[in-house]
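What follows draws every value from the coordinates through simple rules; no lab data is involved. A quick note: this is a predicted structure, and the numbers were derived from the prediction, not measured. Because the Cβ atoms are built from the backbone with ideal geometry, glycine has one as well, and the counts that use them run over all protein chains shown.
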Number of protein chains: 2
Amino acid sequence: MPEDRLSTTLSALADPTRRAILARLSLGEASVGELAEPFEMSLPAVSKHLKVLERAGLISRGREAQWRPCRLEAAPLRDVNSWLDSYRGFWEEKFDRLDAYLQELQKVDPDAETN
Amino acid sequence: MPEDRLSTTLSALADPTRRAILARLSLGEASVGELAEPFEMSLPAVSKHLKVLERAGLISRGREAQWRPCRLEAAPLRDVNSWLDSYRGFWEEKFDRLDAYLQELQKVDPDAETN
DNA sequence: TTTCTAAAAAACCTTTCAGTTAAATAACCT
DNA sequence: AGGTTATTTAACTGAAAGGTTTTTTAGAAA
């Protein structure tokens, strides 16, 4: 199973704990212990989540004494965005149709739904 | 386990088969059989993938005789985009830094890497 | 050297996931 | 009714995910 990069990235992102970790890292580097602190799970569990994020390239790690500071990496997020971009037209069009529909409703019956 | 919506959406997207199905649907409605055709897996397997996409709200299904046409739904993709948006600044900044660095390299040694 | 702290690895368990084949539904077509 | 077509459901399997506790590793500090 040669799992493709985008799948690896998306499945890494499909976990609230991991997304919370990324959110924390968007504020700056942090050690494993610091990252684990807000969660009720064990430290090894957090360590595993970090490994998943690292395999996906979403974070990288340094070495500083006995700490291994983590930092957010931009590339995979940019890749998700590029993939998503090909659907942007689609959802914008949907939005436009909805908008037009609502405008049409107003024209036909200006007082409807105006509570 | 009250799985949150974004996690459900992302894990639905974290599969190449399911993304291929969405790509096909971005071209227009299709039946289960039509969607299954390009894949080497069994029809029930595709049916399961569709169920995952449906649970995530990424597709919806109609009824037309013995066919159940699927169509792409925009909302969850828009939601992923919104979430991603909060990181956009981050990766753009990274890109800018890289760009600045490359410009700096050129200034210092205009002939370097110009093969 | 011993001891403390930060983190990772190992071993294990339970649940979920992605696929299979075989059987059941449902709607159409004689 | 009986048969064909489209799709879902059921029952099963193997592998991966996400957690646990216990054991190692690695460096700092004594």
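What's the FRET efficiency of B:Leu43 with A:Glu3 using the Cβ-Cβ distance as r and R₀ = 30 Å, to the nearest 0.05? In this case the efficiency is close to 0.80.
Distances from B:Glu34 to itself in the other copies, using label points 7 Å out along the Cα-Cβ axis, amount to 5.3 nm in increasing order.
Under the membrane-span-like helix rule (DSSP H runs whose alpha carbons stretch at least 15 Å along the helix axis, mean Kyte-Doolittle hydropathy -1.0 or higher), chain B yields B:43-55, B:75-108. Select from B:Trp67, B:Trp91, B:Trp83 the residue whose mean-square fluctuation is largest in a Gaussian network model of chain B (Cα-Cα springs shorter than 10 Å). Judging by the Gaussian network model, the answer is B:Trp91. Copy-to-copy label distances for B:Arg71, where each label lies 7 Å from Cα along Cα-to-Cβ, are 4.8 nm in order of increasing length.
In terms of overall dimensions, the C-alpha atoms belonging to chain A reach 70, 37, 25 Å along their principal axes, ordered largest to smallest. When chain A is treated as a GNM with alpha-carbon contacts under 10 Å, the residue of A:Leu27, A:Leu50, A:Leu72 showing the greatest mean-square fluctuation is A:Leu27. Annotation for A:Ser86, label-to-label distances across the other copies: 2.8 nm (shortest first, one decimal, point 7 Å from Cα along Cα→Cβ).
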